[in-house]
Amino acid sequence: AVTVDPAGKGARIDDTMYGVFFEDINRAADGGLYAELVQNRSFEYSTVDNRAYTPLTAWTVTGSANVVNDAGRLNERNRNYLALDAGSAVTNSGYNTGVHADQGKKYDFSVWARAEKGTELTVTLHDADGTLAPARRITVRENGWAQYRTTFTATRTSSVARLTVASSKAAALDMVSLFPRDTYKGQPNGLRKDLAEKVAALKPGFVRFPGGCLVNTGSMEDYSEASNWQRARSYQWKDTIGPVEQRAVNSNVWGYHQSYGLGYYEYFRFAEDIGAMPLPVVPALVTGCGQNKAVDDPALLKRHIQDALDLIEFANGPATSTWGKVRAKMGHPKPFHLTHIEVGNEENLPVEFFDRFKQFRAAIEEKYPNITVVSNSGPDDSGSTFDTAWQLNRDAKVGMVDEHYYNSPQWFLQNNDRYDTYDRTGPKVFLGEYASQGNAFKNGLAEAAFMTGLERNADVVKLASYAPLFANEDYVQWRPDLIWFNNHASWNSANYEVQKLFMTNVGDRVVPSTATGTPSLQGPITGAVGLSTWATSAAYDDVRVTGADGTPLLSDDFSGDASKWTHTGAGSWSVQDGQYVQSDTAAENTMASAGDPSWHDYDLHVKATKKAGK
Ligand code: AHR
């Protein structure tokens, strides 16, 4: 029975409570939300990004061509270009199965070229069945680098198309681009419409970006050092703005190349377009996500702190300010209204992180006292790192701390009350990343149950976002994910529907309620827990033991009867896919009630329901 207290005053829920976290993982940016259809458009793919790459990845040459890195380059940041010999052609295979085009839609082609005046470039969009539009001819009008454009209207739909550029004479080519005209909200250098619309349909209160491990892994140095070109660097916002052909490129920690075509300007613009608060994350000079190194370089730290201040000016400064002017020149004279900035992500070295965090916070609060500087709590909630980080945050009276966790659906069911006991006088919580391990209905259900606990504690939990947001089905590094796609289609997970339900129905205030008689699945979570401990406990019933495939190994409900059960296995237990699993195949599990009491080499899966009221 549920008892509601309509007169009671529960927590107030902010409109910004639920948001999204966008990280360029699973090709969420290039080949995903960023609408560019050409892969490796500036021939910068390298073995530094991925051992399988070459500067000609996704390209095939007919005739002869070389990728060149010399003083004839387009600019200092766009190092490589293609030298195409006379009468030769180069073809791009796009992402997934190819370039996708929809019948009747327009596609804008552009290329930077340097060739003898009068050289003719022929551009075709085609698949095995022929062309998708009449070929386009471009005549080179000057001898130096210049940009050339043309537009195709697709005469039919194809997801396996190729884009070919042929040249009558020797030509240098760079930034070969094909963009759908129909981007989200028609923005130039914009976003893929179906994917952006799926995010917009959630009505997010905020967009956390650009990572994740993407932010605090790799070198913290910047691109302007020639020696850093094409080196794995942490994500730094200044690398990602300005004309796309002048932006840096980088190796993505998730094992591929990132063009930065989708950069900070585009993130801010997207947040604005969907009515969400932008929430950028900057690196704190402590690497995380397994790298665990504190960079000890005061000059570099100073530069990063200045970068954070400059970022706030880029977002909010008047169009006459140094960085506001850059924003205005990119097309947005009005400010983006930044109110929060996060420093760091999941650092494993809490003391070193906090030392740097405090310096960021002091500098930001001095210049921008109204900006909330969000801190971190480490990688997860299991262990001293997390506790130390929280203690440091509490002691320093930090305003908001980011927590992340990825756990079983069971864990989410069992931890609905996680925030009931959080200190009301301490930092507020930003639950920046969470997901139960799976995209099945039961995962969505467990997350929904957990979210009722977030909402009940909306006085402490101020922001929450599921993670990760996107996955291209052919380039997956992390699952589960909220929205799935390939080069022509996208689809929602069960988890997405749960997020949508909560995000599009954010209340104003929690109405207190209590429930009785609700069953809850509880029991040991991890660690060396003897099966008998709880199988024989009077607190549990409906104990079922199965093999990994679900085949019943014992049909009895032998709860509470210790004489029927002995467990002598030495292995430890864990939760997998919502069940307690004994995976140590060497362990011996003996069940006295079974005909053959000795089992070897079994993974035991055990389900138990806690008795009502226990
Ligand atoms: O969301 C995927 C990854 O999980 C993020 O990059 C990181 O912050 C966390 O470990």
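Of the peptides 20-26, 30-36, 80-86, the order by per-residue mean of other Cβ atoms within 10 Å, starting with the highest, comes out as 20-26, 30-36, 80-86. Dividing the radius of gyration of the alpha carbons in the stretch 1-133 by their Kirkwood radius gives 1.24 for Rg/Rh. Per-residue Karplus couplings for the stretch 363-373, computed as 6.51 cos²θ - 1.76 cosθ + 1.60 with θ equal to phi - 60°, are listed in order as 5, 5, 5, 5, 8, 10, x, 8, 8, 7, 9 Hz, Gly and Pro entered as x. Its convex hull of Cα atoms gives the stretch 111-249 a direction-averaged projected area, equal to a quarter of the hull surface, of 11.7 nm². Each residue of the stretch 144-154 is assigned a 3J(HN,Hα), and the resulting list reads x, 4, 8, 9, 10, 9, 7, 10, 10, 10, 5 Hz, derived from the Karplus form 6.51 cos²θ - 1.76 cosθ + 1.60 (θ = phi - 60°), x at Gly and Pro. The phi-based Karplus calculation (6.51 cos²θ - 1.76 cosθ + 1.60; θ = phi - 60°) puts the 3J(HN,Hα) values of the stretch 400-414 at 8, 10, 8, 10, 10, 7, 10, 9, 6, x, 4, 4, 5, 5, 7 Hz, whole numbers, x for Gly and Pro.
Which entries in Lys193/Lys238; Lys203/Lys334; Lys397/Lys442; Lys169/Lys329; Lys198/Lys462; Lys9/Lys334 show an alpha-carbon gap greater than 29 Å? In this structure, Lys397/Lys442; Lys169/Lys329; Lys9/Lys334 exceed 29 Å between Cα atoms. Between the amide H of Lys105 and those of Ala154, distances stay under 5 Å, these residues lying 5 or more places away or on another chain, with hydrogens modeled in the peptide plane.
Given axes a ≥ b ≥ c from the Cα gyration tensor, I'd like to know whether the stretch 169-210 is rounded (a/c under 1.5), prolate (a/b larger than b/c) or oblate. Since a/c reaches 1.5 and a/b is larger than b/c, the shape of the stretch 169-210 is classed as prolate. Packing order of peptides 255-267, 135-147, 155-167, 45-57, highest average first: 255-267, 155-167, 45-57, 135-147 (average count of other Cβ atoms within 10 Å over each peptide's residues).
Ordering of 207-217, 3-13 by packing is 207-217, 3-13, highest average first (other Cβ atoms within 10 Å, averaged per residue). Multiplying the residue separation of Asp417 and Val48 by 0.36 nm and removing their Cα-Cα distance gives an extension gain of 128.3 nm. Distance between the modelled labels on Glu197 and Lys293, one decimal in nanometres: 4.5 nm (7 Å Cα→Cβ projection).
Per-residue extension of 0.36 nm, minus the Cα-Cα distance of Glu76 and Arg156, leaves a gain of 24.8 nm for this segment. Only Lys, Arg, Asp and Glu carry charge here, each on its Cβ (+1 for the first two, -1 for the last two); on that basis the stretch 402-523 has a dipole of about 220 debye about its Cα centre. Here's how it looks for Leu74: its modeled amide H is under 5 Å from none belonging to a residue 5 or more places away or on a different chain. Computed from the C-beta positions of Thr3 and Asp381, the FRET efficiency with R₀ = 30 Å rounds to 0.45.
Taken together, the values in this text are just the output of simple stated rules run on the coordinates, not laboratory data. If you're wondering where the values come from, they're calculated on a predicted model, not measured in any experiment. Ideal geometry is used to build each Cβ from the backbone, glycine not excepted, and the neighbour counts take in all protein chains shown.
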